[in-house]
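The values are calculated or read from the model by the stated rules, or taken from the named source; none is laboratory data. Quantities reported herein were computed from a predicted structural model and do not represent experimental measurements. With ideal geometry, Cβ positions are generated from the backbone for all residues, glycine too; neighbour counts draw on all protein chains shown. Ligands, DNA and RNA are stripped out before the accessible areas are found, and what is left, the full protein with its side chains, is counted by its heavy atoms. Shrake-Rupley method; radii C 1.70, N 1.55, O 1.52, S 1.80 Å.
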Amino acid sequence: MRFIKPTVLRPYLELPKIVVQPIQAREGTPSVDVGKVAELVGNGVDFRDLICIRSREHWEQVVGNLPQDVDAVMLVSSPCYPTEIWNEAPEPLVRRGLPILFWPLVQHDEPDFWKWSCADLLRALDCKVHLIESNHEGCILLRAMAVRKFLARSRMVVFGKQNFPWNAFSGAKGIEKSIGLRLVVKSLEDFRKAGKAHSDEELLAYWNERQGRYVDNIPQRPELLTALRTWFGIRDILDAEHAIGFGVNCYGDLIIEGGRDMPCLAQCLAREEGFIAACDGDFCAMTNMAMAAWLLDAPCMMSNLYPLHYVGALTEHFGDRLAADGKYASMEGNLARLAHCGYVGVVSPEMVPGGKARLTDWGGTYELKRDGRGVGVDSDLAPNTEFTGIELHFNGNDLLIVHGEILESTRHAGMPHCESSALLRLDDLEYFIRHVSREHIVITYGDHRRDFQLLAEVLGLNVQ
């Protein structure tokens, strides 16, 4: 599960249904049982009644008069030979412009190779054609279509000054133009003011329901109330904006101005309620998290990725090169670390071995020393675990997909500004560096390269 499912999920956090119109080329036994496909896909897709074509005129009438709420057409043969009505008269499909699905043979879970040629013909006529490889791939594809509709109608909130490269005023235009996701910029004082409306009793009652998911090592007890009030203030604004997630510019605004009401715990609590949340107000990372969370319905996290062969840069930033143990020497060229704010990053309980996130004080940096205030999240990632990472570029057109393994979460003795980091092996670190957008990467457990490729195909993104 991606989140602890709330009793009532906010409507603007739910994926919309996808409407598919199956059309059979002629009377006879269909090559694909649409009813079985509907059972495989589940409740997220509305399959309209199968229409069986009686003539060319009927074909042109059916396709030309499809309702506006139809998201895709599924073309079904009878029998499985390439002498179908869409080959004789593809023009109605071209004019209608809807995505075209050729579902695999359900009982064999393999593509219908009779559709190779007609798929290529229709693509040559600028139709969007999906020749689906397997039942699982078809389910992911339809979910990707739902994600596309979802993102196009959604918005996110970033708090703080826009002084990082992920400047929402100037840098968000590419993503908004590409996938439609919009950003709202608020000040830090907005969530601080909203949070003051909530009493300590209300905050503690909320915490009592959730604290079993956390190991509490917060040294100063008033900091917990501050962290909870931060979340309540942010949540009020998310609800007012009908926004799906948030980010706060900590290092470019909040922390350097002396604030310690950073939203680390708020990120975890937001994810529990169905939102996404990322560090530093990085709207690209926030978009990546939205793509991953709603496509896979699985937990994800973000952090800074540091290639270990950048010895000078790491030493200057951490006061130590963060070298890997000798047993990983053979992997050195593809090793990197995840680290952010003194720890691995904000890791939600769902991604922590044992299922509980560890809370402590904010970890600081080499330059900005920790002072015992704030609430940070110091949790490990699952060791020896496959992962997939993504980065959507600022242009909103290029999606970098990487794959590798989480080797371990490392404890760094004598480094209060970097108590822990995660050691990663990437399949091809140099490829990542050549195509990188920024240091922030979003990762999820498992091999989801093909899933993200399908999402990119639906969104019209270039895969790197």
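Okay, here's what the table says:
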{"read-out": "Which of L429, W116, G180, positive extreme of dipole for the chain (C-beta unit charges)", "value": "G180"}
{"read-out": "Mean Kyte hydropathy of 1.0 or more with a Cα span along the axis of at least 18 Å, helices from DSSP in the chain", "value": "283-296"}
{"read-out": "Rounded D (µm²/s) - segment 50-160, Kirkwood Rh over Cα pairs, Stokes-Einstein at 20 °C, 1.002 mPa s", "value": "138"}
{"read-out": "Segment 335-382 - percent of accessible surface contributed by carbon and sulfur, probe 1.4 Å", "value": "52"}
{"read-out": "Electrostatic dipole magnitude of the chain [Cβ: Lys, Arg +1; Asp, Glu -1; Cα centre; debye, to 20]", "value": "820"}
{"read-out": "Cβ charges +1 (Lys, Arg) and -1 (Asp, Glu), total dipole of segment 326-396, debye", "value": "220"}
{"read-out": "Positive dipole terminus of segment 65-182, leading residue within L93, N167, C139 (C-beta point charges)", "value": "N167"}
{"read-out": "Relative contact order %, the chain, counting alpha carbon pairs below 8 Å whose residues are six or more apart", "value": "14"}
{"read-out": "DSSP beta bridges in segment 1-117 [antiparallel fraction, %, rounded to 5]", "value": "10"}
{"read-out": "Amide hydrogen neighbours beyond the local backbone of G245, cut-off 5 Å, H modeled", "value": "V157, I276"}
{"read-out": "Per residue solvent-accessible surface (Å²) - the chain, probe of 1.4 Å", "value": "40"}
{"read-out": "Computed P(r) (all Cα pairs; the chain; 20 Å bins; percent)", "value": "24, 50, 23, 4"}
{"read-out": "Alpha-carbon Rg with Dmax, taken over segment 113-194, Å", "value": "19.8, 63"}
{"read-out": "Beta bridges per DSSP with both ends in segment 313-464, % antiparallel, nearest 5", "value": "95"}
{"read-out": "With 10 Å bins from 0: P(r) over segment 282-356, alpha-carbon pairs, percent", "value": "16, 37, 34, 13"}
{"read-out": "For segment 35-88 and segment 368-382, distance of Cα centres in Å", "value": "54"}
{"read-out": "Surface share of carbon and sulfur [accessible, 1.4 angstrom probe, percent] for segment 1-155", "value": "51"}
{"read-out": "Probe 1.4 Å - accessible area at S117, Å² to nearest ten", "value": "70"}
{"read-out": "Within the chain, percent of DSSP bridges classed antiparallel, to nearest 5", "value": "50"}
{"read-out": "Solution diffusion estimate, µm²/s, Stokes-Einstein, segment 165-266, Kirkwood Rh from C-alpha pairs, 25 °C, viscosity 0.890 mPa s", "value": "161"}
{"read-out": "Rh by Kirkwood over Cα pairs, then Stokes-Einstein D for segment 356-464 at 1.002 mPa s and 20 °C, µm²/s", "value": "135"}
{"read-out": "Selection from A240, F318, I276 lying farthest towards where the dipole of segment 221-318 points positive, charges on Cβ", "value": "F318"}
{"read-out": "Binned Cα-Cα distances of segment 4-108, short to long, each 10 Å bin given as a whole percent", "value": "13, 43, 28, 10, 5, 0"}
{"read-out": "Heavy atoms of E367: accessible area, 1.4 Å probe, square angstrom to 10", "value": "110"}
{"read-out": "Rounded to the nearest 20 debye, dipole of segment 203-302 from Cβ charges on Lys, Arg, Asp, Glu", "value": "280"}
